[in-house]
Structure formats: C-alpha cells, structure tokens
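Asks: My questions will all concern the structure given below.
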Amino acid sequence: MKDLKDLFEHQLKDLYSAESQLIKALPKMAKNAHDKKLKDAFESHLAETKEQKERIAEICKELGIKPTGETCKAMKGLIEEAEDLLKEDASEEVRDAGLIADAQRVEHYEIAGYGTVVRYAKELGHKDIAAKLQKTLDEEYDADNKLDKLAEGRLNKKAKK
Ligand SMILES: [Fe+2]
C-alpha cells in the first residue's frame, strides 16, 4: 500500500466484507428480536445492506478492482459479540436491549468507515463515487437514529410501568 488510492481501495474492500458479513447476520438478529418494530428495523436494514453491498461492487467495477479478498475482522468481532448475546439466557426485553446495543455498535463502525471513504473519494477526485458512498453513509445514520428511537421507546415504556 503506497498511496491514498491504495488505501482507498483497501477500505472499500473492507467495507464490502463488512456488508457481506452483515447480510448473513441480520436475519438471525431479526429472528431473535422480540419487539415488532425492532424486527422490522432489522429486516428493512437487511434490504438496505444488500443495496449497499451492490453499490460497493459497482464502485469497484468502475475503479477496475475486485471487491473481494479482504475479511473485515472488526465486523467479524462485532457479529461474534451479538451471537454470544443470543446464547445467553435473557428475558425478551433484555435480549432486545442487547440487540439494539450490538446493532448500534455495527452502525457506528460503518459510519466511521463510510465517512472515511467519502473523504478519500473526494480527495482523489471521484465525485460520483463520493456521492454514492455518501448515500450509504446517510442510510447508516438513519439506521442508527431509528435504533436510538427504539432504545428510547423501550426506556419510556419501562418508565410508565
Ligand atoms: Fe451498511
């Protein structure tokens, strides 16, 4: 890796791996969520994540590189943590709270990753690619906000008890 272009390509491959792993993990998270809204949030983010993965594949094609060949170890670890939580004997409410916590960690990780590649794309003069990556970044922010609201809703419900 010798210049920003190489680093940019490496980061894209890393994100491609992250999205691919998440596509495999989200159905399990949706299945284990008790709250209907949380289940729906995971399912709609799954559809979005598939598009995001496709978006990176398109970008890589434009750049003349393969999107595959990297494993995002951070996403692997985040997913492992979520799987560990599901093995725990917990109430439905606590499990949902834990799933929200794990999902928000994932979103924040992706927000950091996409924020970086948007900047690199601009710096390297790839205006259209920067716009595409910004679209994904916006979706990740929205997903995180949705999870925030669900977490707050949970708190409010509890306060009313
Ligand atoms: Fe994503």
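The values are calculated or read from the model by the stated rules, or taken from the named source; none is laboratory data. Predicted model, so just to flag it, every value in this text is computed and none were measured. Don't worry about glycine lacking a Cβ; one is built from the backbone with ideal geometry, like all the others, and counts go over all protein chains shown. Accessible surface is based on the protein model in full, side chains and every heavy atom, while ligands, DNA and RNA are left aside. Shrake-Rupley method; radii C 1.70, N 1.55, O 1.52, S 1.80 Å.
Asks: Quick check on the stretch 133-143. Is at least one of its residues away from the ligand (no atom under 14 Å from the Cβ), closer than 30 Å to ASP6 by Cβ, open to solvent by 60 Å² or more (accessible area, probe 1.4 Å) and of a type outside the set (Asp, Glu)? Reasoning before the result, please.
Replies: Filtering the stretch 133-143 down to residues away from the ligand (no atom under 14 Å from the Cβ) leaves none.
No, that holds for no residue.
Asks: Scan the stretch 64-81 for residues that are in contact (Cβ under 8 Å) with a residue 40 or more places away in the chain and within 13 Å of the chain's Cα centre (by Cα) and jot them down.
Replies: Once the filter is applied, which keeps residues that are in contact (Cβ under 8 Å) with a residue 40 or more places away in the chain and within 13 Å of the chain's Cα centre (by Cα), the stretch 64-81 yields CYS72, ALA74, MET75, LYS76, ILE79.
Asks: So LYS50 ticks every box in (1) surrounded by fewer than 16 Cβ atoms within 10 Å (Cβ to Cβ); (2) within 10 Å of the ligand (Cβ to nearest atom); (3) within 20 Å of ALA112 (Cβ to Cβ) but one. Which box is left unticked?
Replies: With (1) surrounded by fewer than 16 Cβ atoms within 10 Å (Cβ to Cβ); (2) within 10 Å of the ligand (Cβ to nearest atom); (3) within 20 Å of ALA112 (Cβ to Cβ) applied to LYS50, the lone miss is (3).
Asks: What do you reckon, is LYS127 more than 16 Å from the ligand (Cβ to nearest atom) and open to solvent by 90 Å² or more (accessible area, probe 1.4 Å)?
Replies: Taking the combined requirement at face value, the residue satisfies it.
Asks: Identify the residue in the stretch 15-45 that is in contact (Cβ under 8 Å) with a residue 60 or more places away in the chain and open to solvent by 30 Å² or more (accessible area, probe 1.4 Å) and, among all such residues, is farthest from the ligand (Cβ to nearest atom).
Replies: HIS34
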